[in-house]
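The structure appears right after this line, and notes come after that.
The values are calculated or read from the model by the stated rules, or taken from the named source; none is laboratory data. Predicted model only: the values in this text are computed from it and were never measured. Glycine also receives a Cβ, built like all others from the backbone with ideal geometry; neighbour counts cover every protein chain displayed.
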Amino acid sequence: MSLSTKPAFPLPVVLAVAAGGLAAGGLGGWLAASNWQPRPEPSVVVVSSPDIPDPLSTAPREYSWTTQPPPLFPIPPYARYLRELTIVIDPGHIGQSEKNRSANWKRGPTGLREAEVNLRVANYLREFLRDAGAKVVLTREQDVPRDISDKEDLAERAEIANRNRADLLISVHHNGADSTEANYSTVFYHGDGSKNPASLSAARYILNGINDALRLEKLTEIPLWTDLQIESRTGFGVLRRTEGPAVLCESSFHTNPAEEQRLRDPVYNRREAYGMFLGIARWAQAGLPRVSVVEPTGAVSRGRSMTLQLDDGLSKRDGNGPRALRVLGASLRIELDGRTLDYLSLNQKKGELKIVIPADAQRGATLLVDFQNIFGQHVTYPRIPLSIE
Ligand SMILES: [Zn+2]
């Protein structure tokens with residue numbers, strides 16, 4: 001397959017011509033022609049470059065998916081919804097020591113280190129997200145080995161996301177396989193998807209962004225993978241320990257010789273980051289639902305009511321229109337330590353939810369309140385630890 005990674009790509013030249021508004025030179029040429037006849041003027045004239053197929057008469061199959069479009073990275077208007085979000089980017093393996101590892105640990109066939117590619121993509125992604133107004137934290141800035149165990153390293157990465165109460169942790173990786181043929185994109189979420197629906201939602205958007213950006217020829221049948229498929233008992237340390245939405249991208253295979261060469265190209269790395277960025281921006285446009293406790297502010301009493309504020313992540317955007325929650329009615333789920341609770345009342349207009357704490361609730365119980373907004377987005381931090389008296 002032949003993915004073009006040329007930084008300079010010939011651009012199609014499109015001339016917009018308003019009806020009746022031909023340029024003077026063109027008009028002179030027409031009038032001079034002896035057999036001139038009035039004819040309908042096209043509203044747009046496309047001057048084709050030899051490298052660009054005629055966009056009006058080309059059959060879909062004549063286009064190649066793996067031919068990359070020009071490397072242009074504009075920020076779309078919907079990226080504005082990233083403005084108040086905190087995104088933690090985790091460049092995989094950066095800082096992990098290569099001591100006591102095999103000589104070709106996390107390296108491509110000609111020696112390209114996965115970590116180095118992960119950091120380049122992470123840096124480009126940070127640039128896009130910052131430009132759109134997000135607060136961005138990288139878990140690792142320097143490509144310098146540290147003297148800690150992998151377990152401690154992964155725990156630290158998750159801790160950075162938790163400390164920042166990140167709206168999203170995106171861990172950037174490139175895959176490896178014994179077969180040099182393998183090359184496809186996967187995005188991982190932790191554990192059972194029904195326990196992490198907000199992560200799963202982010203994973204879907206980001207996967208689509210990566211697909212569009214890298215334009216790989218191959219694909220795996222189900223590219224959203226639970227981390228239990230790789231680490232069957234615990235899943236990935238960084239995803240398991242992160243409390244908010246978290247995904248891990250294995251965008252392509254650095255062990256595939258052709259892909260390894262593309263991954264050496266910073267323009268290709270930037271394409272990948274842009275794909276992730278568009279995925280994250282579209283995810284943000286879909287709104288991030290939240291739940292907060294209104295009262296009581298301290299400990300909760302058994303048998304007493306509790307008031308929570310539901311935010312669909314969308315309603316605050318328009319100052320006009322109806323203010324009612326844009327929530328899928330049947331999606332509201334309330335659980336105390338895994339036991340389903342009914343609500344006392346739900347004011348759809350105000351987003352106010354009242355529940356009663358059962359008489360037999362445990363001291364340190366965890367309340368879960370989740371729902372889906374009209375985009376299908378779930379609550380980013382649905383678990384509320386309670387102190388019950
Ligand atoms: Zn990796």
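So that you can scan it fast, the table gives a plain yes or no per residue for (1) of a type in the set (Phe, Trp, Tyr); (2) more than 16 Å from the ligand (Cβ to nearest atom):
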site	(1), (2)
PRO55	no, yes
PRO60	no, yes
TRP65	yes, yes
PHE73	yes, yes
ILE89	no, no
GLN96	no, no
LYS99	no, yes
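If I ask for residues that are outside any helix (DSSP H, G or I), touching a residue at least 24 places away in the same chain (Cβ under 8 Å) and not aliphatic (A, V, I, L, M), which ones from region 197-235 would you list? Can you show your working first?
At the first step, the residues of region 197-235 found to be outside any helix (DSSP H, G or I) are 215-226, 230-235.
With the extra rule that they be touching a residue at least 24 places away in the same chain (Cβ under 8 Å), the set shrinks to 215-220, 223-226, 230, 235.
Within region 197-235, ARG215, GLU217, LYS218, THR220, PRO223, TRP225, THR226, GLY235 meet the criteria.
Taking region 64-86 as the search range and keeping residues that are within 30 Å of GLU217 (Cα to Cα) and hydrophobic (A, V, I, L, M, F, W, C), which one is farthest from the chain's Cα centre (by Cα)?
That would be TRP65.
Return the only residue of GLU156, GLU152, GLU181 being at pLDDT 95 or above, in a loop (DSSP other than H, G, I, E, B) and out of contact with any strand residue (DSSP E or B) (no Cβ under 6 Å at 6 or more places or on another chain). Spell out the reasoning first.
Values: GLU156 fails: in a loop (DSSP other than H, G, I, E, B); GLU152 fails: in a loop (DSSP other than H, G, I, E, B).
Among GLU156, GLU152, GLU181, only GLU181 is at pLDDT 95 or above, in a loop (DSSP other than H, G, I, E, B) and out of contact with any strand residue (DSSP E or B) (no Cβ under 6 Å at 6 or more places or on another chain).
For GLU127, indicate whether it is away from the ligand (no atom under 16 Å from the Cβ), of a type outside the set (Val, Ile, Thr), in the same structural domain as LEU82 (by TED's automatic domain parsing) and part of a loop (DSSP other than H, G, I, E, B).
Values: away from the ligand (no atom under 16 Å from the Cβ): yes; of a type outside the set (Val, Ile, Thr): yes; in the same structural domain as LEU82 (by TED's automatic domain parsing): yes; part of a loop (DSSP other than H, G, I, E, B): no.
The answer is no for GLU127.
Here is a list: ASP311, ASP318. Which entry is crowded, with 17+ Cβ neighbours inside 10 Å and of a type in the set (Asp, Glu)? Can you show your working first?
On the way: ASP318 fails: crowded, with 17+ Cβ neighbours inside 10 Å.
Just a single option satisfies the conditions, and that option is ASP311.
Look at region 288-301 and say how many of its residues are crowded, with 21+ Cβ neighbours inside 10 Å and part of a loop (DSSP other than H, G, I, E, B).
Residues flagged as crowded, with 21+ Cβ neighbours inside 10 Å and part of a loop (DSSP other than H, G, I, E, B) within region 288-301 amount to 2.
Working carefully through the options ASN123, ASN118, find the one that is crowded, with 22+ Cβ neighbours inside 10 Å and within 18 Å of the chain's Cα centre (by Cα). Talk me through it step by step, then tell me what you get.
Numbers: ASN123 fails: crowded, with 22+ Cβ neighbours inside 10 Å.
Answer to the selection: ASN118.
Kindly indicate the residue of region 101-118 that is within 12 Å of the ligand (Cβ to nearest atom) and either out of contact with any helix residue (DSSP H, G or I) (no Cβ under 8 Å at 6 or more places or on another chain) or of a type in the set (A, V, I, L, M) (or both) and also farthest from HIS173 (Cα to Cα) among those meeting that condition.
TRP105
Exactly one condition in (1) more than 21 Å from GLY108 (Cβ to Cβ); (2) among the β-branched types (Val, Ile, Thr); (3) over 22 Å from the mean Cα position of the chain (by Cα) is not met by VAL247; state its number.
(3)
Which condition number does LEU332 fail, the rest of (1) surrounded by fewer than 12 Cβ atoms within 10 Å (Cβ to Cβ); (2) at pLDDT 95 or above being met?
The number of the failed condition is (1).
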